[in-house]
Amino acid sequence: MSADAITTESHLGDYAVVTHTLTRRFGRKLALDSVSARVSVGSIYGLMGPNGAGKTTFIRCLLNLINPTSGSGTVLGHDMVRDSVAARRKIGHVAALQPLWEWMTVRELANFMAGCYPRWNQDAVKAVLSPVGIDPNDKIQELSRGQRTLAALAVAIGHQPELLLLDEALTGLDPISRREVLRNVIDVMHAENRTVLITGQDIADMERICDHVGFLIKGRLFWESTLDDLKARVKRIRIEHPGGPQPQVPANALRVERAARETEFTVTDFTRDLVESLAAPGRRVEMLDLSLEDIFVDLAQPQLAAAGPAPDAPVKVPA
Amino acid sequence: MRSLIAKEFRQNHLLVWLGFLMSAMIAALYYAWMRTHVETVRDQRDLDEFCGIILLLTTGVVVLVSTAGLFSIETTRGTLPFLLGLPVSRARIWLAKGLAGLAIAISSALLLIVPIAIVLPQVVREIHIWLYLPDIVVGVLLLFSVAFFCTTVFQRPISVLLVTVIMLAVVLIGETAFLSSAGPILGYDDLFDATLISLFLVPAFLLASLFTFSRGELLATRRKWGLAVFGLLALIAFVLLAITGATRWAYRYSRAGVRGVDATSFPPHGAALQFSAYGSPAPFQRDAARGWVKEEGPYRSRHTVMLDLKTARELMVFPLRGWNRQADVAVSPDGRHLVEKNPGWFGMNSERMAIWDLRSRRRIYDGMPARSRNAVLGRGSETSWSPSGDWLVVPILSLGAPVQVPDRPGQMGRPRQRYGLLLMRPDGSRHVELDLWEEPEVFSPGQWSKDKQRWIVGWAWAPDGSALYTLTGGGLVSRVAVPGRETEKVWSGPAPGVVLPAGYLWRFSRLSVSPDGRWLEIPAHASPPYRESPAVSGDAEQLAAPPLPEAAIVVSAGGSRAFTIAARQFPSAIWSPDGRVLYLVDTTDNKLVIYCWRAGDDKAVPVAAPPKTPVVKVEALRSGSLLIWGNDRTYLVDEQGRFTVPRNEQMRSLPEDHELIGVDDQGRLILRSFKPSNQLSACDFSTGKFAKLYP
């Protein structure tokens, strides 16, 4: 399906990002493997994956910093390749440890950025800089690594983007700064029904702020759903069976742990019916909620353990 | 866009100041040097050259440094993705960088040039900076484009610097090689062509840079390289094809910069014209660093051209490079070979002769054919090909013990060297030496007879190429059967039958063969022995003296004398194309004296009633008539010796600003105009129509 075909679908207005079988190769390495993702407008989408999973490549494709080898996509209704300039006008982007022009002051950087966008809100910049104590007259080269990230974040939202791409941007921030960012940037964006796509390794933060999640491993997006849906579907089942026979574990169960008296496993399509089907006399079936980190580990480990290129996604739940 | 340009300026402003500092340092050092060495600067040229070279070098360095980092520094410092993430197209980013970089390069160059141009002339003496501006502008543009291309491809500034220098050298060498193989592009000026190619290459490099940046940024290095090389080669190929294609399309009319056309000659068949075409003059306009003062001649380039007169297309264009610009050149009548005779440095014994195969453009002979005999190429005498092009006659000057030739009897004279002839094949094989003298000869009036005057001073080929006629100063005409050195005495002269004063002798310098090969015309002039070296002009006694008698002797190819005519002035001899009529013409002192001799007659008939008109040119037409081109009228002389006027009214008065070069095989007059200068045209004498031939 081409990007044009995608954009003609009536419900696409609900999505800030839509990709269709997006693929990117670097020589022999397959960085993105037919990624079809959808990020709803107004959502805070956490894209998670281990190092080298292709998260940065995905974001660079969205910005058209690199061209996809195949596939297509739209960003805020614009074709991400052919109409990338228009898309970038509505996008704010902060990458981890993003180098900036060190000879500039923060104010000069903001002024430079202001000249590149049709509209600019200096107050939004100040709202990020002031709480963390960054003086606009400071030179970039005088700032710490975290402060540089904050400065980049501040200028990335000056044009009030409809989509904010944070590529590991929270990495390296101290807890206070991170909290300020979450409060002054992400919460504000969310409140204004603007979209945030965030990648990172700090899953606790992601769990706290994201309402949508996607898991990307070896270039393949093998899970994408709302956080609530994810948590509702992925459960840990514990069956206590003192003296009784080992219970039958579902075929698609993950991280199965058997002991003499109990068996635990994770299911990705949890329903009440499943609990009832596992129930038996002398057994105690218990459903455990999992944290996002646990879910990610349980889902990612089998993918990572598989040798070679990314295997077929075992589970794919449409958002 | 504006903020992008402003950012580039701010980012690179240090380089501008660096340029300014360099300028100040150079100016200060220059001033200090001039103060202490002002006496060693011999002339203005030294001053300008020194200043020009310094300017070219320093400007190049500043441009290179300021351009090399435009993209590579962004790549090295990792700010490029941030820049590319802005809502600006890559083309705009590229354009902003380019404009800013060019502006920085130009402002840096100005910071170098302006202080030198303004301050130093006040201190030392005037410097002609403007002479170097075209060189600097072209150099800045080419260097900028190459460096800009490299900075989009390479990630490290140092790599950009090194590769730019290498690539620039490759470009310049490639330009030279291209011009060598493809011939002149737009004109007969190699440097002009090279400059034009450079200017065409500038957009090729810039577009390749744009292509690479817009398609390949953030690609893996190898892929980006592939993209860049592909783009660059494709664009350069396109540019060169476009240039050469356009040139070929408008081949003969697109020659630019032809400032001189001379040394014209017709091969025997008269269907083609060979001439030398010159590029623009060396000094003043563009290449002051190399030739502001005329040292190597008035032109920067010279090409030998063979023009097909029927189609007006160039059959051959052959560049004469370097010192060969001053060489004597002769193309073989069959158009297959070209001989260059280069006199080399005066007194340096560096004469060279080269023969080129014009089809393969290979030099098949290069050397000094008579070196082993301790001789050099003769100066001032032309090499000449046999009509078939199989043999070449090379005049050589003996380097053996010079002959002491006294100016007056009984005196020791200054040393004189003697001429001889060498016959050789185009590939340098089969040398046949003619008359290299073994014994020095001492001049004395009593002994100066025809037997002693054996120096070959003139030669002419039989029209069929079967023999070479040689003429000695004493009037001995010999026929040399070719190949071989078997000679046969044809005529031993001189004795035109006119009584000369005591001590006077007849002397000979050239001969001509009739087009049918049946007759030889041998002019002679009387010479007193002490006029061995001509008297200085202004000698009142000599000026007042009556002119010495001169003569024309015509003998048959077998040696029997046909007739001799003596006159007060030396006549020029013009054969009709079929060789049946010889016109002896004297045009001095605004008088026109014509003798007409028909083959087989025993005397020449004076042509009656010559008009009193200054004569511009006399030429035999294909019809056998003689064309007299006067200042205001043209006349024809027919074979019966009658004056007529041309039937075509237009031809009764030929344009004043034209020179008659000759008559081609179709009977057309080949003319060279002076306004516009050096344009060749053909004139059909019967219809009066002019046709532009060249350029």
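Scanning the range B:193-227 for residues that are modelled with pLDDT under 65 and of a type in the set (A, V, I, L, M, F, W, C) yields B:218, B:219, B:220.
Given the structure, is residue A:124 at pLDDT 85 or above, touching a helix residue (DSSP H, G or I) at 6+ places or on another chain (Cβ under 9 Å) and either more than 8 Å from chain B (Cβ to nearest Cβ) or under 24 Å from residue A:75 (Cα atoms) (or both)? Against the criterion (at pLDDT 85 or above, touching a helix residue (DSSP H, G or I) at 6+ places or on another chain (Cβ under 9 Å) and either more than 8 Å from chain B (Cβ to nearest Cβ) or under 24 Å from residue A:75 (Cα atoms) (or both)), residue A:124 does not qualify. Summed over the range A:193-236, the residues that are farther than 18 Å from residue A:300 by Cα and part of a loop (DSSP other than H, G, I, E, B) give a count of 4. Scanning the range A:65-119 for residues being in contact with a strand residue (DSSP E or B) (Cβ under 9 Å, 6 or more places away or on another chain), away from every other protein chain (no Cβ under 11 Å) and in a helix (DSSP H, G or I) gives a total of 1. Inside the range A:52-64, residues that are in contact with a strand residue (DSSP E or B) (Cβ under 6 Å, 6 or more places away or on another chain) and among the small types (Gly, Ala, Ser) make up a count of 2. Give the residue, chosen from A:57, A:69, A:74, that is hydroxyl-bearing (Ser, Thr, Tyr), assigned by TED's automatic domain parsing to the domain that holds residue A:199 and within 13 Å of residue A:221 (Cα to Cα). Criteria check complete, one pass: A:57. Does the range B:631-674 hold any residues that are within 32 Å of the chain's Cα centre (by Cα) and among the β-branched types (Val, Ile, Thr), and which are they? Across the range B:631-674, the qualifying residues are B:661, B:663, B:670.
Conditions tested, residue by residue: (1) buried (at least 17 other Cβ atoms within 10 Å of the Cβ); (2) farther than 22 Å from residue A:29 by Cβ.
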site: A:53; (1), (2): yes, no
site: A:60; (1), (2): yes, no
site: A:66; (1), (2): yes, no
site: A:69; (1), (2): no, no
site: A:104; (1), (2): yes, yes
site: A:111; (1), (2): yes, yes
site: A:117; (1), (2): yes, yes
site: A:122; (1), (2): no, yes
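Taking the range B:630-649 as the range and being surrounded by 14 or more Cβ atoms within 10 Å (Cβ to Cβ) and not in a loop (DSSP other than H, G, I, E, B) as the test, the residues that pass are B:630, B:634, B:635, B:636, B:637, B:643. For the range A:54-64, the candidate set comprises residues that are away from chain B (no Cβ under 12 Å) and not small (Gly, Ala, Ser); within that set, the residue that is nearest to residue A:22 (Cα to Cα) is A:58.
Is one or more of the residues making up the range A:164-178 buried (at least 18 other Cβ atoms within 10 Å of the Cβ) and more than 22 Å from the chain's Cα centre (by Cα)? No, every residue in the range A:164-178 fails to be buried (at least 18 other Cβ atoms within 10 Å of the Cβ) and more than 22 Å from the chain's Cα centre (by Cα). With respect to residue A:136, determine if the residue is buried (at least 22 other Cβ atoms within 10 Å of the Cβ) and away from chain B (no Cβ under 12 Å). The answer is no for residue A:136. Being in contact (Cβ under 8 Å) with a residue 24 or more places away in the chain and within 9 Å of another protein chain (Cβ to nearest Cβ) is a condition met by at least one residue of the range B:92-113. The condition (being at pLDDT below 70, within 29 Å of residue B:426 (Cα to Cα) and in contact with a strand residue (DSSP E or B) (Cβ under 7 Å, 6 or more places away or on another chain)) is satisfied by just one residue among B:487, B:472: B:487.
The values are calculated or read from the model by the stated rules, or taken from the named source; none is laboratory data. Because the structure is a prediction, the values reported are computed rather than measured. Reconstructed Cβ throughout: ideal geometry from the backbone, glycine too, with neighbour counts over all protein chains shown.
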